[in-house]
Amino acid sequence: MNILTDNYKLASLNNDEQAVTVIQEAEATINRITGNKITLIAYEKTENKGSK
């Protein structure tokens, strides 16, 4: 899957263990509810070019 946008980029969570844990717990909860393996991907909003 390709996501083509300049509005978001992958969030760097390398040094944020708490955020990663929250995402992993959410994945596990959704898996239990749906029975499907889920992967959540964190994006962060980027500034629009030309915005003030």
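Assorted remarks:
- Of all residues in region 1-23 being hydrophobic (A, V, I, L, M, F, W, C) and not in a loop (DSSP other than H, G, I, E, B), the one that is surrounded by the fewest Cβ atoms within 10 Å (Cβ to Cβ): L10
- Pairs with Cβ under 6 Å, 6+ apart, first in region 24-39 and surrounded by fewer than 10 Cβ atoms within 10 Å (Cβ to Cβ) and of a type outside the set (F, W, Y), second modelled with pLDDT of 95 or more and in a loop (DSSP other than H, G, I, E, B): none
The values are calculated or read from the model by the stated rules, or taken from the named source; none is laboratory data. Not measured: the values here are computed from a predicted model. When we count neighbours, we look across all protein chains shown, and the Cβ atoms used for this are built from the backbone with ideal geometry, even at glycine.
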